[in-house]
Amino acid sequence: MTAAPATTATILIIEDEEALLLAMAHHLRREGYGVLTAARGDDGLRLAREREPDAIVLDLMLPGVDGMGVCRALRRDSRVPIIMVTALGGEGDRIVGLDAGADDYLPKPFGMRELLARVRALLRRAPARTAEPPAEDMLRSGDLEVNAARREVRRGGALVRMKPREFELLLFLLRNPGQVLSREHILESVWEHDFHGDARTVDVHVRWLRQKIEANAASPERIRTVRGSGYLFEG
């Protein structure tokens, strides 16, 4: 058994398949996590807003409000890490889940060890809620300002909301200006060993970043595509 986390995090599971819900809750509790559960999307959304969990395991097909609806609703005002789980395993379904705001995607059936590994990975990247922040690490590019310690992004002084993985990708690009970075190199550096899927997920996240930090996402000036090679950040 993996050692319990040093600081207990709370995980919200939103899943209508009772046997799977109970199994996930059991294994997460055994690892030392606090667990909240809901079998309907609307109930899960309410719990997420009332209890503010540290991460959410979210089923796609749910009664009440489906997983996509829950994810999109949460992303309007929350950066809580979300793992989308579903029996639909096609590439199109994965992309739709990522576009809705999920940070990771886990197709059914899956093993409990893999689920625990995915949860640990998301929590490592999520901003700590109680720890004292380290010294500020400021990065700037024109009107774009990133505070790495506080995990804040501002453009023209206005706060830009970002999901954890978007923030990590932006930070990586900012720290490597003027370098052509392949999708594989970006995956290895930003996702490390926690991603199992297609390198085109990088394209999805780059598209999200462009929508948030470019004056014109259709004609980007900061994150340039280098055909056949990858991406280059103009510092």
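The values are calculated or read from the model by the stated rules, or taken from the named source; none is laboratory data. Small disclaimer: the values here were computed from a predicted structure and weren't measured. Positions of Cβ are backbone-derived with ideal geometry, glycine not excepted, and every protein chain shown enters the neighbour counts.
Filtered by the rule that a residue be buried (at least 24 other Cβ atoms within 10 Å of the Cβ) and either modelled with pLDDT under 90 or not hydrophobic (A, V, I, L, M, F, W, C) (or both), the range 72-84 gives a lone residue, Pro81. Being under 30 Å from Glu152 (Cβ atoms), at pLDDT below 95 and assigned to a loop (DSSP other than H, G, I, E, B) is not true of Thr2. Consider the range 100-145 and keep the residues that are under 22 Å from Arg29 (Cα atoms), at pLDDT below 90 and among the aliphatic types (A, V, I, L, M). The one that is farthest from the chain's Cα centre (by Cα) is Ala128.
Residue count for the range 32-75 satisfying the condition of being in a helix (DSSP H, G or I) and among the charged types (D, E, K, R): 8.
Considered as a group, the residues in the range 151-179 that are under 17 Å from Leu123 (Cα atoms) and in contact with a Lys or Arg (Cβ under 8 Å, 6 or more places away or on another chain) include one that is surrounded by the fewest Cβ atoms within 10 Å (Cβ to Cβ), and that residue is Glu168.
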